[in-house]
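The values are calculated or read from the model by the stated rules, or taken from the named source; none is laboratory data. Everything numeric in this text was worked out from a predicted model, so none of it was measured. Note: ideal-geometry Cβ built from the backbone for every residue, glycine included; neighbour counts use all protein chains shown. These accessible areas exclude ligands, DNA and RNA; they are computed on the full protein's heavy atoms, side chains included. Shrake-Rupley method; radii C 1.70, N 1.55, O 1.52, S 1.80 Å.
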Amino acid sequence: MSKPLIWAHRGASGHAPENTLPAFQLAADMGADGVELDVQLTKDGVLVVCHDEKVDRTANAKGWIKDYTFEELRKMDFSYGNLAYEGVQIPTMEEVFDLLEPTGLTINIEMKTGIVMYPQLEEKIVELTNKKGWNDRAIYSSFNHYSVKKIKELNPEAKTGLLYADGPIDMPGYCQKVGADALHPALYNLQFPGFVQECHDKGIDINVWTVNEEAYMKMAEQWGVHAIITNYPDKARKLLG
């Protein structure tokens with residue numbers, strides 16, 4: 001059985017401020033196979049990388065990303081209280097593509113279209129991914145499965161994954177119906193009867209989140225998942241080889 005790929009969750013977020021260029025660079029330095037990140041749109045239509053729809057938790061400011069221009073967001077400190085990275089800025093998606101271009105890493109692009117519907121986000125990210133030559137190294141995911149479906153309509157060759165949390169029935173069948181390539185379940189979904197085997201039988205990749213403890217990393221490996229998404233790519237690399 002092949003080893004699971006290691007995707008760094010919001011970069012090496014266990015060590016550096018999440019969803020920042022230093023976190024993504026650190027993930028590459030630690031031997032990750034890919035990074036997972038979140039994209040949103042600024043008031044003036046720039047694709048930026050940030051998990052929350054508001055900046056309150058990760059920056060020294062408050063408010064919705066959609067209500068700020070890119071220039072305004074760049075003036076904020078996104079170090080998330082980590083003094084070693086004080087002053088680090090919110091990155092654009094294009095900057096992340098450029099940073100990771102030489103590394104060979106995959107990028108799992110999560111579209112944050114669940115709370116804010118961000119008109120044209122899908123079109124913009126597909127256009128940028130194509131422009132930067134990343135089509136073969138990107139996978140698109142979202143908790144908003146309409147967004148995932150739209151990606152396939154825009155680019156039938158795109159790799160897509162359906163994010164979900166709490167135990168729906170027959171996700172492999174649903175995945176095929178939607179036309180996605182992978183399921184991105186919360187870790188505890190692996191234990192549901194027959195789930196992993198059915199995914200294997202149907203050729204559906206399992207990319208599981210968020211796997212930070214060694215016991216669960218080994219469990220995910222034994223289940224035969226395609227990738228684990230973790231805040232600690234260094235720990236996963238040391239454990240899984």
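Close amide-amide hydrogen proximity is noted between E36 and A8, H9, R10, G11, N108, each under 5 Å apart and 5 or more residues distant or on a separate chain (H modeled in the peptide plane; Pro and chain starts excluded).
Around the amide H of Y140, modelled in the peptide plane, lie the amide H atoms of I109, K159, T160, G161, all under 5 Å away and 5 or more residues distant in sequence or on another chain. Packing, as the average of other Cβ atoms within 10 Å across residues, places the peptides 229-237, 39-47, 83-91 in the order 229-237, 39-47, 83-91, highest first. Report the one residue of F97, S2, I65 whose Cα lies farthest in the direction of the positive end of the charge dipole of the chain (charges on C-beta: Lys and Arg +1, Asp and Glu -1; origin at the Cα centre). It is S2. Rg/Rh for the range 1-82 (Cα atoms only, Rh after Kirkwood) is 1.04.
Distance from the alpha carbon centroid of the range 1-24 to that of the range 65-124 works out to 15 angstrom.
At 1.4 Å probe radius, can you tell me the per residue accessible area of the chain in Å²?
45
For the residue pairs K3/K124; K124/K177; K43/K131; K131/K202, the alpha carbons lie more than 27 Å apart in K3/K124; K131/K202. Please grab the % of Cα pairs in the range 158-241 that end up more than 22 Å from each other. In whole percent, the share of Cα-Cα pairs in the range 158-241 beyond 22 Å is 22.
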